[in-house]
Amino acid sequence: MSPIRSATIVALASAVLATTLTGCSFGAAEKDSSPITIAADLELSGAAAPVGKAYQRALELKVDQLNSSGALGDRKVRLVVKDNRSDAAESLRNIGDFSNDATVNAIIMGGCNQCAVDAVRTINERKIPTIALAPSGAVANPVTERRYVFKLAPNAADNAAALTAELRRRGITKVGVLHSDDDYGREGLTALDAEFGKTTIERVRAEAVRTTDTELTAPVRRLTNRDPAALIIWTPPEQATLAATAADQSGYGGSLFLDAAAAGDLFLGGSGQATERATLIFTQTMVIDDVIATTPAKAARRQWFQDYTARFGGYNGLSSFAADAVQLIADSALRSGGSDGRVDRDGLRDVLETSQLDGLSGPIRMTPDNHSGLMPQALTTLVARGGRWRLAG
């Protein structure tokens, strides 16, 4: 084995172990060697396919890392993936199939808000722990009606607070908002208005667009005609790129701000000119190559960034949420096992509900009162420079 290969394996094992949940130990009492089976319901075709495929790549990479690290003892993670075709009805059928399979320990759902919300009843009735990567608050709230549902994505209120703080720092007082016409988009507009109400910032106009819309020239022009100093884009990644391009083509000279759900690839490709100097609220992992790895958690994030980039030729910011979901489930499965190490869904859910993880996305804290565990401290301010995202400042 070459020295480089050996060093890489050591670094990977260290990175995996650094992200293990507090209090987790893998002792000699572990007897069962059956796989920890995680089923994934993802948008691999249809309108949301780019995001779904980014999640799939992340899940596969993280599973490979865990299985080769030895951190799980005799256990391995088994991943089963189904395409929901970006359709809530198809997603619900997938969830039904997964929950009826006794070998499946937990489910990870993709970024489709409606898919996750529609599946709540089935998930609760079948009592199968599920982590959704969709950003809508309705995915995990109210907690009393979503005992088996957890969310791992930035929260609208946290995004709005961070965006507003940056607007105030720059002295911007007039903004327009383009948001998706779905639960998350409307939640975002409400959160922004609440934050603006604490300041002198005025929302001069808001435009809602369906998540399937690709022609955004008209709504963007209606916003820019009000001459706002900043335009906030609160949409999925592909749509955010289209909106930024439409603003650029209209001659808009103000600032662009994107919420965390608009994050996508590190390198901006053809949209580089339109998004140059745009501001994005997101997690530090997107730009971890700009950060000095002063802690084990930062070192693990840097290793993840490098491994993902090496395998796929680029980096997608959303990947860390999928990877953290795998880590949370694997750790919870091991900690919830009985004397023979066997995992039951109720036990896994109970452990997951009190999980603490300094993850690839940032600090994550689940509690019985909060099933959306990404902490506000995970968010930071990024800026587009030279065709890629960089740490602001």
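Hey, any idea what the orientation-averaged projected area of the convex hull of segment 123-168's Cα atoms comes to, in nm²? The orientation-averaged projected area of the Cα hull of segment 123-168 comes to 3.3 nm².
Counting only residues at least eight positions apart within a chain, or on another chain, the lysines with an alpha carbon under 25 Å from that of Lys174 are Lys198.
Equivalent ellipsoid of segment 193-242: semi-axes from √(5λ) of the C-alpha gyration tensor, largest first, are 22, 13, 8 Å.
Working from Cα pairs under 8 Å separated by at least six residues, relative contact order for the chain is 19 percent. Per-residue accessible area (protein heavy atoms, 1.4 Å probe) orders Phe267, Phe282, Phe312 as Phe267, Phe312, Phe282, starting from the largest.
Debye-formula intensities of segment 312-385, expressed as log10 I(q)/I(0) at q = 0.13, 0.14, 0.20 Å⁻¹, are -0.47, -0.53, -0.88 (one equal scatterer per alpha-carbon, no solvent). Of the trypsin sites (Lys or Arg not before Pro) found in segment 277-323, those that fall in a DSSP loop while having at most 16 other beta-carbon atoms within 10 Å are Arg277. Scoring 130-141, 236-247 by mean Cβ neighbours within 10 Å over their residues and listing the highest first yields 130-141, 236-247.
Here the Debye sum runs over all C-alpha atoms of segment 221-366 as equal scatterers in vacuum, and log10 of I(q)/I(0) at q = 0.14, 0.19, 0.22 Å⁻¹ comes out as -0.78, -1.08, -1.25.
Say the cut-off is 26 Å between C-alpha atoms; which of Lys62/Lys298; Lys76/Lys127; Lys82/Lys127 go over it? In this structure, not one pair exceeds 26 Å between Cα atoms. Remark on segment 119-270: ratio of C-alpha radius of gyration to 2.2 N^0.38 Å is 1.12. Here the alpha carbons of segment 228-273 define both size measures, Rg and Dmax, at 10.1, 27 Å. Averaged per residue, the chain has 40 square angstrom of accessible surface, using a 1.4 angstrom probe with ligands and nucleic acids left out. The dipole here belongs to the chain: it is taken about the Cα centre, uses +1 on the Cβ of Lys and Arg and -1 on the Cβ of Asp and Glu, and is about 720 debye. As a rough guide to protection, the peptides 53-66, 109-122 ranked by mean Cβ packing within 10 Å, highest first, stand as 109-122, 53-66. Expressed per residue, the C-alpha convex hull volume of segment 201-277 stands at 92 Å³. Over segment 252-344, Cα pairs under 8 Å with separation of 6+ residues give a relative contact order of 27 percent. Using bins of 10 Å that start at zero, the share of Cα-Cα pairs per bin across segment 88-201 amounts to 14, 38, 24, 15, 7, 1, in whole %. Computed in the context of the full set of protein chains, the accessible area of the chain at 1.4 Å probe radius has 48% of its extent on carbon or sulfur.
Only helical runs count toward this figure. For the chain, summing -39,500 (n - 2.57) over DSSP H runs of n ≥ 4 and dividing by all residues gives -13000 deg cm²/dmol at 222 nm.
Dividing the Cα radius of gyration of segment 240-326 by 2.2 N^0.38 Å, with N the residue count, gives 1.22.
The values are calculated or read from the model by the stated rules, or taken from the named source; none is laboratory data. Just so we're clear, the structure is a prediction, and the values are computed from it rather than from any experiment. Cβ: placed from backbone, ideal geometry, glycine included. Neighbour counts: every protein chain shown. Surface accessibility is based on the protein's heavy atoms, side chains included, excluding ligands, DNA and RNA. Shrake-Rupley method; radii C 1.70, N 1.55, O 1.52, S 1.80 Å.
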